[in-house]
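So the structure is just underneath, and the comments pick up after that.
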Amino acid sequence: MENNKSENEYPAENQSVYSQNKTMIKGFLVCLLVLGLLIPIPFILNLIEERQGSKENVIAEISDKWSGKQTIYGPFVEITYVENVNNGQGKVVQQHVKKYVSANDLNMNGTIDTQLKSRSIYDAVVYNSKLNVTSKFMNYAEILKEIGVAAENVVSTKIIFGISDSKGYENKVIVRSNNKNYPLTADNTTSAIDIYPEDKVRTGEYSEESKKSTKVMPVQMMSQKVDPSTFDFNQVSINLVMKGSQMLNFIPSAINTKVDLTTNWKDLKYDGNFLPNSDPETKNGKTHVKWSIYQQNPLQGQIWQDASNFSDYSFGVNFLQMNDHYDKTYRSTKYAILFIGLTFVAFFFIESRNHFNIHLVQYALVGFAICVNFVLLLSLSEYLGFDFAYFISSGATILLITFFVNSFLKSFGLTFKITLMLILLYAFIYSILQLKEHALLVGSIGLFIIVAILMYYSKNIEWSKTT
């Protein structure tokens, strides 16, 4: 009998320890469940990156078929002359040397008409442009003097010009000078290198994990030989009609470079080394933007020999698509611990203060609903944009959790409190996603207020019972 009695005492003691620390043990298990529900989040983030990668691939394919990002090179003057050099064996030999001359003044003005090309659910920004390019060079005698070569040693004099993607030419490029036309043809002896950023994963301007690389492409230059005796180097003009996609850049190769553009696209980002001189003017759906750049010593100098790194000095416009729903969805998903954690804390406080018993399975189902919300947000945002998708997905999730919670709480008042908390939480996260630069300030203040509220409501919770 004594043995049986002693065996029954142990369960009673264990039960006593559990009942005294029931709240602490339940809180610990809820914390473990929160951590467990964070396991799917990296997979959701990876899914967002995959979808963004698909979009970038489609945009790249559209751009490749239409015409890619464009940078305008020139016009320049190319002088090829004979120079006597020592071949290293004690003999003097002649070799051909090329020197390039940039203009004193370079003016480019015109219009850029943009449009969206669609494939599946994705859009790419492409454009047609009409630009008038005028240049004023030194006269020929001054050019030879600057190079330091005699006229009799000159082999050829050319006007050269080029754009990044030659697929973008929509008509023949003709240089006009002194009332004469000089059609340009492809020149395989002259080249430049175009280097520009290439987005690989995500393109959010404020994204913490945007992965960038650079794409290097040779530029097919065009040229035409000119007769220095009849060619007017002070009056060089080109009427350029071309197409491109996503961005348009210029090379400030002259001492004075002026660019004056009008475009029907309002969401512009200014790339490169120079910003516009003043804020763009928007009128009647057209955006007008100007650059005026003065350089006493442009690029590598006004006389140079290598055009390979000209794109390092470029500037221009990037035609943005402001529906950056992938970036915002990515950022909202990173707040998953806040969504799940605060929801579970609200449940925990309610059951502790009102002596309910919410099962861990019910916690888990609510957590899964929140995780599914992020996938729903991603899929809807691809069709509706982020704002509408956020309202629909968050509204559906809040309604689902509300009906589910009411089914076991059986209390309109408590259900209303949880619903109100969820609405405020989703509204708070949405406001942070919209603020960008001020997100850290507003977010930190909001979290401080949340912690203060949690501290206030936790003061009446009996964490352990004393006998």
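Laboratory data are not the source of any read-out in this text; all were calculated from the coordinates shown. Keep in mind the model is a prediction, meaning the values are calculated, not measured. Cβ: placed from backbone, ideal geometry, glycine included. Neighbour counts: every protein chain shown.
Put in order of Cβ neighbour count within 10 Å, fewest first, the listed residues ILE25, ILE255, ILE79 become ILE25, ILE255, ILE79. Taking only the C-alpha atoms of segment 225-272, the Rg (one decimal) and the largest Cα-Cα distance, Dmax (whole number), read 15.4, 47 Å. Within a straight-line Cα-Cα reach of under 21 Å, LYS26 can be paired with the following lysines, leaving aside sequence neighbours fewer than 8 residues apart in one chain: LYS459, LYS465.
Peptides 34-45, 364-375 ranked from most to least packed give 364-375, 34-45, packing being the mean of other C-beta atoms within 10 angstrom over each peptide's residues.
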